[in-house]
Amino acid sequence: MASWQMECCGTSFPAGAKVSWRLRHPESAELAWLDTVLQGGVAATVDAIEDHHGDPHAPLVEGTVISIATLHCRFEPEPVAGSGLVTSVVSAERWNDDLEERNFAGFLIRIRALHPATR
């Protein structure tokens, strides 16, 4: 979940929460920056994006939040290679501070879907 999505109209939630989100499959180009800042093929592990402003016909997926991590990295103005820092947290808060020279970029969230979305 991108930082601006949460800051715009997101609602804080803890690990273990039941969620109902419209999830869409990401395009590889929109996730390429993850492999830049984190390296190691992380983008390939992201199979869905929650997008408040995306396709209103994207499948509604209900599930339970299994884990939440924040992602901070540097931008100059493009994402800086290897600058990513992932930190496990117990809840996703609407507002998140930057960490020194790293900007809050968003959350990496794992959910257990009751009925997984189809492609």
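Of the numbered criteria (1) within 17 Å of residue 105 (Cα to Cα); (2) exposed (fewer than 13 other Cβ atoms within 10 Å of the Cβ); (3) among the charged types (D, E, K, R), the one residue 55 fails is (1).
Looking at the stretch 22-114, the strands (runs of 3 or more DSSP E) lying wholly inside it that each contain 1 or more residues that are touching an Asp or Glu at 6+ places or on another chain (Cβ under 6 Å) sit at 103-113.
Just one residue in the set 35, 55, 51, 98 is more than 15 Å from residue 13 (Cβ to Cβ), in contact (Cβ under 8 Å) with a residue 24 or more places away in the chain, touching a helix residue (DSSP H, G or I) at 6+ places or on another chain (Cβ under 8 Å) and of a type in the set (Asp, Glu); that residue is 51.
Coordinate-derived values only; no laboratory data. In this text the structure is predicted, and so the values were computed from the model without any measurement. Please note: Cβ atoms are built from the backbone with ideal geometry, for glycine as well, and neighbour counts cover all protein chains shown.
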